[in-house]
Amino acid sequence: MTQSAATSSGSESLNTLAPVSRDYGVSSVRKALELLVRFTPQVTSWSLSDLARAAHMPKSTAHNLLRTLQAFDLVRQDPDTHSYRLGPRALELGFTFARGADVLSRARPVLSRLAETTGETVKLGMLSQGQVLIIASMESTRQLHTRGDVGTRWPLHSSSLGKAMLSVLPTREAADILARRGMPRFTPATFTTRAGIEREIQGIRSRGYALDREESEPGVCCVAAPIADALLHTVAAISVSGPGVRMQANVLEEYATHVTTAARTVARYFERQTL
């Protein structure tokens, strides 16, 4: 079983991803970033014309910006097809983030143990521009399973990872994100009203974990627990996901215990770091 991303950063403008004040927004830098964020796990290669169209800019402007990005090896052009892909420098920046992100390095062995215990796919997501960004995963070895989806983005209101994050965000910040992003329906079970998601968040705060009962995709269920640290400005969550035929209510309850324990293990690391 596979999961298709409910939202893709490749289809969104940076204007919706990261509103920037006109007082300090640098137009050329912003336009270059508009091009870079079009490269996603779903769309890894672009022609010049298609990329310029997706980024809503003239072809000549896109070409000039791409030449600058090529000079920094952030993108490369295929000599045969003339299409563009991310360059090795982009990978280097990713490695730098991975090494510098304490939550990622600390969580890897925890994710591994959780995957071994449950036999299902385990994911670590981080709050990024009002969405869940999957930054690490351990994919189940079972034939019928959910994907790890590293590098993809998911809405907060319909995923267990996202709802777990909403439960630890300040109320105003959570409301602002939901107002800006909206709450589109993906399945009949998706929460699409403010009253409904507020009741759900209160329940998550009470029990300490979030559930996704086929809210993002039919046939897929998940359970997640939040990791939050105000001093280190980290909002993240850990989840276990699998096909609904295996993730019944009793199983979800059992896995919730394992997931919350895993989340507390990672959170304790931050507590020691800030003492």
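Would you check if there is a residue in segment 126-145 being buried (at least 22 other Cβ atoms within 10 Å of the Cβ) and under 20 Å from T257 (Cβ atoms)? Scanning segment 126-145, I find at least one residue that is buried (at least 22 other Cβ atoms within 10 Å of the Cβ) and under 20 Å from T257 (Cβ atoms), so the answer is yes.
Restricting segment 90-119 to residues that are of a type outside the set (G, A, S) and modelled with pLDDT of 90 or more, which is nearest to R153 (Cα to Cα)? Please lay out each step first, then the result.
Just the residues of segment 90-119 that are of a type outside the set (G, A, S), to begin with: 91-93, 95-97, 99, 102-104, 106, 108-111, 113-114, 116-118.
Of the ones still in play, those that are also modelled with pLDDT of 90 or more are 109-111, 113-114, 116-118.
Details: P109: 23, V110: 22, L111: 19, R113: 24, L114: 22, E116: 25, T117: 26, T118: 24 Å.
Restricting to residues being of a type outside the set (G, A, S) and modelled with pLDDT of 90 or more, the top hit is L111.
Against the criterion of being within 15 Å of S239 (Cβ to Cβ), outside any helix (DSSP H, G or I) and either at pLDDT 95 or above or not basic (K, R) (or both), V122 qualifies. Just wondering, is there one or more residues in segment 50-70 that are surrounded by 15 or more Cβ atoms within 10 Å (Cβ to Cβ), modelled with pLDDT of 85 or more, part of a strand (DSSP E or B) and not β-branched (V, I, T)? No - not one qualifying residue is present in segment 50-70.
With respect to G87, is the statement that it is under 18 Å from the mean Cα position of the chain (by Cα) and modelled with pLDDT under 95 true? Give the steps one after another, and end with the answer.
Numbers: under 18 Å from the mean Cα position of the chain (by Cα): no; modelled with pLDDT under 95: yes.
Here the answer is no, as G87 does not meet what is asked.
Restricted to segment 199-212, and to residues that are of a type in the set (D, E, K, R) and crowded, with 16+ Cβ neighbours inside 10 Å, which residue is farthest from the chain's Cα centre (by Cα)?
Within segment 199-212, the first condition is being of a type in the set (D, E, K, R), and the residues that meet it are 199-200, 205, 207, 212.
Going one step further and asking which of them are crowded, with 16+ Cβ neighbours inside 10 Å, we end up with 200, 212.
Working: E200: 20, D212: 15 Å.
Across segment 199-212, the extreme among qualifying residues is E200.
The numbered conditions (1) over 20 Å from M247 (Cβ atoms); (2) hydrophobic (A, V, I, L, M, F, W, C); (3) under 9 Å from the mean Cα position of the chain (by Cα); (4) not in a loop (DSSP other than H, G, I, E, B) are all true for M165 except (3).
Given the criteria farther than 30 Å from V168 by Cβ, outside the structural domain of A263 (by TED's automatic domain parsing) and in a loop (DSSP other than H, G, I, E, B), does H82 qualify? Walk me through how you get there before you give the answer.
Numbers: farther than 30 Å from V168 by Cβ: yes; outside the structural domain of A263 (by TED's automatic domain parsing): yes; in a loop (DSSP other than H, G, I, E, B): yes.
Spelling it out, H82 is indeed farther than 30 Å from V168 by Cβ, outside the structural domain of A263 (by TED's automatic domain parsing) and in a loop (DSSP other than H, G, I, E, B).
Figure legend. Inter-residue proximity from segment 129-154: first residues assigned by TED's automatic domain parsing to the domain that holds S241, second residues of a type in the set (D, E, K, R), beta-carbon distance below 6 Å, spacing 6+ or different chains. Indicated pairs: G130/R181; Q131/R153; L133/R153; I134/K123; I134/D149; S137/K123; S140/E120; G148/E139.
The values are calculated or read from the model by the stated rules, or taken from the named source; none is laboratory data. All figures in this text were calculated on a predicted structure; none of them were measured in a lab. Methodologically, a virtual Cβ is constructed for each residue, glycine included, from the backbone with ideal geometry; neighbour enumeration extends over all protein chains shown.
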